[in-house]
Every structure is written in C-alpha cells, then in structure tokens.
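Here the structure comes first, spelled out in structure tokens, and everything after it is commentary.
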Ligand SMILES: Nc1ncnc2c1ncn2[C@@H]1O[C@H](COP(=O)(O)OP(=O)(O)OP(=O)(O)O)[C@@H](O)[C@H]1O
C-alpha cells in the first residue's frame, strides 16, 4: 500500500471515497472541487466542471443563493436528471464573510435515513415507556408500539410458526437465539419479542458485536469506572448490559464475539452480575438476552471458535428465520407494504408496480433478503420517472439476473422477461444442482457489485443490501478477493 503523501492527498482520497456527492464553490459560485461520486452521477469529467459557474453544472442548484444569504439549507429536495435528491448546502464563513459553499448530495441514502428514523422512534418509544411508569394507564395504551410480532410481515407457514413461537418466548424471561441470513428480520423479531414481554417497559438495547473493535467491546458491554484507562470519562460510564437493566439486551452478530468476551458474557449469564472495567463493585442486572447471528454456531463450536457452554446457554429457545427466497409468497406483501411506506416518505403517492414487476421480483433470489427488498423499493420509487414502475426501471443487477434467467430458460417471449414459474422453468443440466446454480449467480452478483464499487467492500455490501461481515464470509467462501 502506498503511503499517503500529504494532507491534500488525504483530503482528495476522502472526497473520492465518499459515496455522497460533494461540490465546493468559491464566493463567485465557481466550482473549485467536485468529487468522483458527483461527477459520476452527472456523467461529467472533472476538467469540464472546474471553474464553471455552478448553475451551468448542476440543475436546480441553490448553492449560489446560499452564498448570498449565508444561511445553510439542510435536507432540501433537489431535482436532478428527473430525480428528487436530498441535499445539504453549507456556506463557508471566514472573517465575517462567506467565502464559498459546500454542497452535499445524499443520493443513495434513503435507507440510512429510514434507519435513523426507525432508531429515533425506538429511542422515543423507550423514553416514553420509561416515563410512562408515572402516568395513567390509558396513556400507555395509546402509545404506538414500534414493532409487534403481529406487525411483522409474513404469512407463509414457516413465518406463522415462528411468530407463534416468538409469542410464547415473549411470555418467558429466557434467552432466545435468533438465527438466519443477514437481512431476514432477526432484529425486527427481537424487538417484537421485547415489546410483547414483561420487559417491554424497559429499554431495548441493541449491540452489534461485529461492529465494535475487540479492545473496546468489554468497556462497551460492561462499562468502565473512573480512571479505568487513559482518557476514560470522569465518573465512568455504564455499559450496554447495565443500560439494558429491566429491559432486553439484543446481542447482534454474537458469532463474531471474541472468545475472551464470550467467557465474560457467560459469567454474566450465570451470575447476573457485572463488574465495570477498572471497578471493584459488582452490580446486579436484570435483563433478558436475545442473541442473533447469521453464522453457523454449531460449526463454530465444533471448530473451537465459539464456546460450547455459551452456545447452550443462549440456545434455549431457537428461532430460525428462513431466507426470503424460500418464502417467496411473502414477497408481494413486503413489496406492497414498503411501496406504501416509501412512496409516502418521498411524496409520490401515485407510484405503483406493474403487475409483471411483482411477478418478476418473486422470482429473484434476494441474497440480501428483506433488507435488499426494502432498498430495492427505495431505489425504484425514488428513481421512477412515471407513476408505474416497470421492469425497465430495474437496477442493473436485477436486469442482469433476469437476462441470465432468460438465457437459461426456454422459450422466452419477445419482451424477454415474461417469466412464469409454470411455463419457464430454468433449464438446469443434471450435473448442476440448484445450490450450484444459486452459488454461481451469487458469485456473479457479488463480482459485479465489487466492480461497480471499484473494489470498495463496504460500498459493495451496501449495494448488495447485506452486512459487511456477510460479504467477507461470501468472498472467503468463493475465493474472491
Ligand atoms: N417481517 C418483516 N416485516 C417488515 N419488514 C421487515 C421484516 N423483517 C425485516 N424487515 C426489514 O428488513 C430490514 C432488515 O431487518 P433486520 O435488521 O431485522 O435484519 P437482520 O436479520 O437483523 O439483519 P443482520 O443480520 O444484517 O443484522 C429492516 O429494514 C427491517 O425493517
């Protein structure tokens, strides 16, 4: 890896790595910098934009107004190339004068926005639940629960069985292990259990064990006391376990928890007591644990990467969420639900799917499961030029999937994508089994996503609608780098 030369290189690298479009203009509104993401979206070369007035480069921009007013505009909608995009326009002040402005275009972050909104709702819900202890019960009844088990979408037999089991689990305080591929709804189900359990008045605390660097995980989970380490906050800090007191602790990606932390978690499960890092006293914590993973814990136990005793402690009630491709009848329900949600959010109430689109999407494999479906609906709705979304609006990886299917199926109609399961079964040679075909397809989709993301794995994972750790696993499995 080349050493990064100086701060200018670092800045350029940061700008060009971001997937938000960034434009910098001087006090006269002339473009001084535009990053790769923005250039790619506008389909322009950097040389063609530098020095030009921003109004000659970006449609419907108001960045020159921001230069005049000096007032930032955050989260505004701007129509570019027929699509509504969310932008920030930030003036740069120096010595009491506006010397330029930065425009940030967040053109692919609808799902991020929704996730923030979802989290805020959960936080608000938790807050209101905390305060509700002192208000009359009618107020509690009026509270809108964010996710109940019944609200989660799914009518297939497998899902109905899981919902029934989840309801039973909610009535007990025991540990639940939720398994299933990334994006199948493990956290949604965990929230459903929480809000229907005796812990519902307490907080739902979610910890992603894969997202926290190993050295920080202990302090994050168990908290720390005053002076536990250099830079430790004065007065110490409670850990996530303590914060989940009287509520639910959701340990996501538990399979990624390092062995030494597994031992500490096991001790907590046995004693129900925690000791903050650098602390001497023990604190009793009453919380229900729901753990989740997309990894094969049994294989990890056999391979010595996951403690057997912890596995048995966690695996008291096991709920396995099947991948979306094995419950295809739920796809139209999910499409309908998210179409309504997204079109409301984007203020495009008339948008609908061509019936053929739903039929096609039912045949897609959804490697990123429901998360990928949600993301796809967001992309389709936000980029739709006309109210009726057709197959021509599909993102490239979907079009490619159906082209491949067409290639493998016979006969195909003139439109090329009129596939129905009864008439156009994929022609799979006897030597190939379904698993092989699916793996080949998955490999192609991943390769394409990596190419599209110029090798940036986080971006590729985002495009695929899967978690980064899942992408790494798949790359390893397929020997891709
Ligand atoms: N049954 C469902 N009904 C409606 N939306 C769902 C359902 N299940 C999941 N979703 C949506 O799918 C997305 C992914 O769900 P969730 O985060 O629960 O998946 P996960 O299995 O925990 O993923 P990961 O393993 O990557 O953490 C979220 O946007 C969620 O709202």
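Nothing in this text is a laboratory measurement; each read-out follows from the coordinates by a stated rule. Predicted model only: the values in this text are computed from it and were never measured. All Cβ positions, glycine included, derive from the backbone under ideal geometry; neighbour counts span all protein chains shown.
Per 0.36 nm of contour for each residue apart, how much would the distance between residue 13 and residue 216 grow if the chain were fully extended, relative to their Cα-Cα spacing?
Once the chain is fully extended between residue 13 and residue 216, it gains 70.3 nm.
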### Query
What are the principal axis extents of the Cα atoms in region 314-368, in Å, biggest first?
47, 25, 16
## Note on the structure
Proxy exposure order for 458, 182, 326 (fewest C-beta within 10 Å first) is 326, 458, 182
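Multiply the residue gap between residue 439 and residue 27 by 0.36 nm, knock off their C-alpha separation, and tell me the result in nm, one decimal place.
Working: separation 412, 0.36 × 412 = 148.32 nm, distance 5.36 nm.
Full-extension gain reported as 143.0 nm.
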### Task
Please identify which residues in region 367-383 have an amide N closer than 12 Å to a label point set 7 Å out from the Cα of residue 457, following the Cα→Cβ vector.
none
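Show me the three semi-axes of the equivalent ellipsoid for region 17-88, from the C-alpha gyration tensor (sqrt of 5 times each eigenvalue), largest first, rounded to whole Å. Can you show the working numbers first?
Working: eigenvalues 61, 49, 25 Å².
For region 17-88, the ellipsoid semi-axes come out as 17, 16, 11 Å.
For residue 344 and residue 53, what is the calculated FRET efficiency with R₀ set at 25 Å and r taken between the beta-carbons, to the nearest 0.05?
That gives a FRET efficiency of 0.10.
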### Query
Residue separation times 0.36 nm, minus the C-alpha to C-alpha distance between residue 155 and residue 480: what's the value?
113.3 nm
### Message
Which order do the peptides 166-175, 383-392, 462-471, 57-66 come out in when sorted by mean C-beta neighbours inside 10 angstrom, highest first?
### Response
462-471, 57-66, 166-175, 383-392
### Task
Kindly work out what percent of the DSSP beta bridges joining two residues of region 145-322 are antiparallel, to the nearest 5.
20 percent
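Can you figure out the FRET efficiency of residue 472 with residue 68, using R₀ = 51 Å and their beta-carbon distance, to the nearest 0.05? Show your work: numbers first, answer last.
On the way: r = 48 Å, r/R0 = 0.94.
My answer for the efficiency is 0.60.
If one computes P(r) from the Cα atoms of region 215-359, what percent of pairs lie at distances over 21 Å? Display every interim value, and only then the final one.
Numbers: 6191 of 10440 pairs.
Percent of Cα pairs beyond 21 Å in region 215-359: 59.
Given the peptides 442-449, 203-210, 184-191, arrange them by the average over their residues of other C-beta atoms within 10 Å, most packed first.
Working: 442-449: 17.8, 203-210: 21.1, 184-191: 23.5.
Ranking the peptides 442-449, 203-210, 184-191 by packing returns 184-191, 203-210, 442-449.
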### Query
To the nearest Å, what is the center-to-center distance of region 28-81 and region 305-363, using C-alpha atoms only?
37 Å
